[in-house]
1. Are any residues in the range 133-159 surrounded by 16 or more Cβ atoms within 10 Å (Cβ to Cβ) and assigned to a strand (DSSP E or B), and if so, which ones?
2. Examine the range 113-131 for a residue that is modelled with pLDDT under 90 and out of contact with any helix residue (DSSP H, G or I) (no Cβ under 9 Å at 6 or more places or on another chain), and state whether such a residue exists.
3. What number of residues within the range 38-58 satisfy the criterion of being part of a strand (DSSP E or B), touching a residue at least 40 places away in the same chain (Cβ under 8 Å) and β-branched (Val, Ile, Thr)?
4. Which of the residues that make up the range 72-82 are within 21 Å of the chain's Cα centre (by Cα) and more than 18 Å from residue 35 (Cβ to Cβ)?
5. Does at least one position in the range 79-90 carry a residue that is small (Gly, Ala, Ser) and either without any contact (Cβ under 8 Å) to a residue 24 or more places away in the chain or not in a strand (DSSP E or B) (or both)?
6. Given the criteria at pLDDT 90 or above and in the same structural domain as residue 160 (by TED's automatic domain parsing), does residue 70 qualify?
7. Name every residue in the range 112-125 that is surrounded by 21 or more Cβ atoms within 10 Å (Cβ to Cβ) and either farther than 20 Å from residue 177 by Cβ or out of contact with any Phe, Trp or Tyr (no Cβ under 6 Å at 6 or more places or on another chain) (or both), in order of residue number.
Amino acid sequence: MNGGIRGRLRLVFRTARAGSGPGAGPSDQPSPSPWVQFVAFTEERRISGLIQLDSDRLSDTLNGHLEYQLCDVLVEHLAEGRCEHADEVVIDRDDLLAVLTDGPRGDPGRRVRTLAHDVTVKAGPYLIRGSLHTPPGIDPLASARRRRPMIPLSDAWVEVRSGGASMGSVVGTVVVNRATADWIQVGFAPAGALAGLEPVAAVAPATEAPIRR
């Protein structure tokens with residue numbers, strides 16, 4: 001996403017998908033997948049658009065590919081306060097810090113009982129607080145390390161430092177990219193931490209788990 005957003009209008013998945021390829025017949029084609037709203041946070045931009053799922057949940061779609069195609073896109077440049085529109089944009093997973101979604105929660109028949117743990121994620125200019133769900137008896141940080149990189153947090157709050165002020169809002173479910181996070185810790189960092197009211201790194205140091213890029 002360096003420079004302008006025009007020109008990168010075609011998605012090429014980097015993982016093979018069943019039933020795809022030149023030899024696939026009509027009976028091999030998957031049924032139409034739903035489109036859901038997608039808001040991506042990067043170091044410098046907030047990108048809104050629509051993405052087509054190829055699995056029950058957005059987090060599974062994000063973990064299944066290294067690139068994503070968005071349609072009907074608005075790109076907000078945070079530092080400049082400038083917006084651009086595009087019909088389609090391709091985003092690399094390595095550029096993502098987090099994704100806000102209102103998509104489906106997946107097949108109810110596959111859900112298992114979990115416990116919710118309060119966690120804070122520092123990712124670039126964002127401080128994200130939410131609930132990480134793990135099976136009973138599983139340490140939340142150990143679970144985060146073992147999971148695929150895109151990890152959903154429920155009941156989330158996202159705070160960003162912009163224009164000398166810290167702004168935050170409740171956003172529902174957020175999928176954070178563990179691979180690009182600065183760190184993850186158990187417990188909530190206080191609101192306003194990005195504004196320097198309290199050093200984020202000093203919050204719950206005994207349970208803080210640095211995540212290296």
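1. 133, 134, 150, 151, 152, 153, 156, 157, 158, 159
2. Taking every residue of the range 113-131 in turn, at least one turns out to be modelled with pLDDT under 90 and out of contact with any helix residue (DSSP H, G or I) (no Cβ under 9 Å at 6 or more places or on another chain).
3. 2
4. 75, 76, 77, 78, 79
5. Yes, the range 79-90 contains at least one residue that is small (Gly, Ala, Ser) and either without any contact (Cβ under 8 Å) to a residue 24 or more places away in the chain or not in a strand (DSSP E or B) (or both).
6. It is false that residue 70 is at pLDDT 90 or above and in the same structural domain as residue 160 (by TED's automatic domain parsing).
7. Hits for the range 112-125 are 119, 121, 123.
The values are calculated or read from the model by the stated rules, or taken from the named source; none is laboratory data. None of the values given here were measured: they were computed from a predicted structure. Every residue, glycine among them, receives a Cβ derived from its backbone with ideal geometry; neighbour counts consider all protein chains shown.
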